[in-house]
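Here's the structure, in C-alpha cells; my notes come after.
The values are calculated or read from the model by the stated rules, or taken from the named source; none is laboratory data. Bear in mind that the values here come from a model prediction, so they are computed numbers and not experimental data. Cβ placement follows ideal geometry from the backbone for every residue including glycine, while neighbour counts extend to all protein chains displayed.
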Protein chains: 2
Amino acid sequence: MSDPKGKSGASGSEGPVPKAVVTRLSLYLRELEHLVRDGHSTISSSQLGARLGFTDAQVRKDLAYFGHFGYPGIGYRCEELIAEIKRIMGTDQQWAVALVGVGNLGRALLGYRGFQQRGFRLVAAFDTDPRKIGDCIEGVTVYHLDQLPEIAQRETIRLALLAVPATQAQIVAERLAAAGVEGVLNFAPVTITLGEQVSQIGVDLAIELEQLSFSVANRESAAAPGEPPDAAADA
Amino acid sequence: MSDPKGKSGASGSEGPVPKAVVTRLSLYLRELEHLVRDGHSTISSSQLGARLGFTDAQVRKDLAYFGHFGYPGIGYRCEELIAEIKRIMGTDQQWAVALVGVGNLGRALLGYRGFQQRGFRLVAAFDTDPRKIGDCIEGVTVYHLDQLPEIAQRETIRLALLAVPATQAQIVAERLAAAGVEGVLNFAPVTITLGEQVSQIGVDLAIELEQLSFSVANRESAAAPGEPPDAAADA
C-alpha cells in the first residue's frame, strides 16, 4: 500500500469515497489498458484526463483517495497504475458470480463476454421454472432457487446478477442475502431494500438512453433548423 | 426558458455540459418522481442532495447549467423541476427507437419495461437471420437490416439500440448513421467510431459489476477478518 499515512484501503480515507470517483476509476482503468495496448508505458494526469474529458486536477484528486501513484517528471507508469486500480476495485481477485432469473436478459448476461475479462466468473444460474432446471447455458448450469444456499456455499458465491421480474426482485434479493451473497447487481426496474451487510447497485438501462437523448437533443439546439450556423454568435 | 441570460438550451452555456452532470440530472429526475409519488410538492437542494449522496452545492451547480429553478424560502417545486429536467434531457418528447440484433440481449431489450416509461418507443427491430425476419416480439416487428433506410424514414427513427456481436458492431453502426439515425446506444463490448453527426454511448455492464466489487471489497477491508474493529484507530 503506497499511502504514506499508513492507512489501509479506501475505507482508511476521511469518509466514504464518492460513488462518482469509483465510476471514474473504472474509466481510468479502461483507458490505461488501451494505452498499454497502443504501446505506451507512462502517461501524465493531464494526458489521461484529456482522453476522458476530465481535468488533470480531477485525475490526481481521484487517485489521491487511495495513495500516491505518480512519479515526478514521469507521470504514471501505466502497468503499475492498472495493477493498483484493479487492487482498489477488488478485481485483482476472481469473483464467483451467480445469475438469478434465466429469462432473455439472464441468457444474454450468461453470454456476455465482458464479465470474464474483468475477473467475474459466472458459476451458477438459478430459476424456479422446472423446465429450465438442469439446463446448461453458455457452460453454466441452471439450478432451482431452493438450492441457492447449498450452491452459494459450495462455489463461494459472493456477487449475484438479479434478472428476475420486478415483482420477484425484493423476495429473491432477500434470499440471496440470506445465502451469504455480499453484493447484488439488480437489473429489475424496481428498487430493492437490503440490510447494510449487502451492497447493491441498480442498473437502469433507461438512464443510458436518456443520456443519449440529451446528447442528440442538445446537439440539435446548437444548430436549430432554419437558423444560420452563425446566428448564435450574433446574439 | 428560465435562463436569465436569454441563452437557449444547454449548448448556450460556456463549453459543453460535463457528462457527469447529465448523469446526475437523470438521478435527480428519478428522485423527484419518487418524492411526488410520496406526496411531496417541494424540496430543498440540500434535501434532494442528501437523498442521493451529493452536497446541496453540487445540486445547485448542476442545475445552474440550465437555468434558475429554485424559489427562495421554498426550494424546488417537484413537478415543475421534473418537467424542466425532462425538457433538458429531451424526454418531454417521444423518441422512436430501433433495435438492431435480435439475440438474447435484443429480446431482453424488447421486453424491457423501463424504456417506454421514459418516452422511448421501440418501433422496429432488425436482424439478418432469415428465420427471425417477420417475427413479432413484444409487439415489435423484426425486419431485415436491408430495410433499415426505408423503415427508419417511415418511422422517423432517431435512436438505436445496437445489440449485435462485437465483430458486427462497427459496420452496423455505420449503416445506422447512413440511415439518418442520430444516436446509438452500443451494447457490444467493443468501441465504435462514428462521425460527429451521430451521438453514441457504450454500455459496459462489467463497469457496474466492478462498482459492486469495489463496494464489497472495501466494506471488507473496513472490518478485516481476525482484526479487532478498533485496530485501525491504534495505527
Six or more apart or on different chains, Cβ under 9 Å: which pairs go from a residue in the range B:149-161 that's closer than 12 Å to B:V184 by Cβ to one that's among the small types (G, A, S) and assigned to a helix (DSSP H, G or I)? Could you list them?
-> B:R158/A:S213; B:R158/B:A152; B:L159/A:S213; B:A160/B:A152; B:A160/B:A173; B:L161/B:G106
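Do we have any residue at all in the range B:140-160 that's modelled with pLDDT under 95 and in contact with a helix residue (DSSP H, G or I) (Cβ under 6 Å, 6 or more places away or on another chain)?
If we filter the range B:140-160 for residues that are modelled with pLDDT under 95, which is where we start, we get none.
The answer is no; no qualifying residue exists.
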Residues in the range A:113-150 that are more than 26 Å from B:E210 (Cβ to Cβ) and assigned to a loop (DSSP other than H, G, I, E, B) total 8
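Only one of B:V198, B:V181 is touching an Asp or Glu at 6+ places or on another chain (Cβ under 7 Å) and buried (at least 16 other Cβ atoms within 10 Å of the Cβ); which?
On the way: B:V181 fails: touching an Asp or Glu at 6+ places or on another chain (Cβ under 7 Å).
Residue meeting the stated conditions: B:V198.
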Only one of these conditions is not met by A:F69: (1) out of contact with any Asp or Glu (no Cβ under 6 Å at 6 or more places or on another chain); (2) part of a loop (DSSP other than H, G, I, E, B). Which number is it?
-> (1)
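Hey, can you tell me all the residues within the range A:189-221 that are of a type in the set (S, T, Y) and either more than 7 Å from chain B (Cβ to nearest Cβ) or more than 23 Å from B:E210 (Cβ to Cβ) (or both)? Full working, then the answer.
Initially, the range A:189-221 is screened for residues of a type in the set (S, T, Y), giving A:191, A:193, A:199, A:213, A:215, A:221.
Scanning the range A:189-221 gives A:T191, A:T193, A:S213, A:S215, A:S221.
For (1) surrounded by fewer than 18 Cβ atoms within 10 Å (Cβ to Cβ); (2) among the charged types (D, E, K, R); (3) on the phi > 0 side of the Ramachandran plot; (4) modelled with pLDDT of 95 or more, each residue gets a yes or a no:
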{"site": "A:K61", "(1), (2), (3), (4)": "yes, yes, no, no"}
{"site": "A:W95", "(1), (2), (3), (4)": "no, no, no, yes"}
{"site": "A:N104", "(1), (2), (3), (4)": "no, no, no, no"}
{"site": "A:Q116", "(1), (2), (3), (4)": "yes, no, no, no"}
Kindly provide the set of residues from the range A:43-102 that are closer than 30 Å to A:E155 by Cβ and free of Cβ contacts under 8 Å to residues at least 40 places away in the same chain, ordered by number.
-> A:A83, A:R87, A:G90, A:T91, A:D92, A:Q93, A:Q94
Looking at (1) at pLDDT below 90; (2) of a type in the set (A, V, I, L, M); (3) touching a Gly at 6+ places or on another chain (Cβ under 9 Å), which is the only condition B:L185 fails?
-> (1)
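Return the only residue of A:G139, A:G119 being more than 28 Å from A:R87 (Cβ to Cβ) and outside the structural domain of A:K19 (by TED's automatic domain parsing). Please lay out each step first, then the result.
Numbers: A:G119 fails: more than 28 Å from A:R87 (Cβ to Cβ).
Just a single option satisfies the conditions, and that option is A:G139.
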Mind checking whether some residue in the range B:80-102 is within 14 Å of another protein chain (Cβ to nearest Cβ), over 18 Å from the mean Cα position of the chain (by Cα) and in a helix (DSSP H, G or I)?
-> no
What are the residue pairs meeting all of these: first residue in the range A:105-120, first residue more than 15 Å from A:R30 (Cβ to Cβ), second residue of a type in the set (K, R), Cβ atoms under 9 Å, and 6 or more apart or on different chains?
-> A:L105/B:R107; A:R107/B:R107; A:A108/B:R107
Only one of B:I74, B:I82 is surrounded by fewer than 18 Cβ atoms within 10 Å (Cβ to Cβ) and either farther than 30 Å from B:F126 by Cβ or out of contact with any Ser or Thr (no Cβ under 6 Å at 6 or more places or on another chain) (or both); which?
-> B:I74
Filter result (within 21 Å of B:I201 (Cβ to Cβ) and outside any helix (DSSP H, G or I)) within the range B:151-160 = B:T156, B:I157, B:R158, B:L159, B:A160
One residue from A:A50, A:A96, A:A57 being closer than 24 Å to A:S199 by Cα and hydrophobic (A, V, I, L, M, F, W, C) = A:A96
Residue that is surrounded by the most Cβ atoms within 10 Å (Cβ to Cβ), among those in the range A:147-168 that are of a type outside the set (V, I, T) and under 20 Å from the mean Cα position of the chain (by Cα) = A:A160
(1) aromatic (F, W, Y); (2) outside any loop (DSSP other than H, G, I, E, B); (3) modelled with pLDDT under 90 all hold for A:Y28 apart from (3)
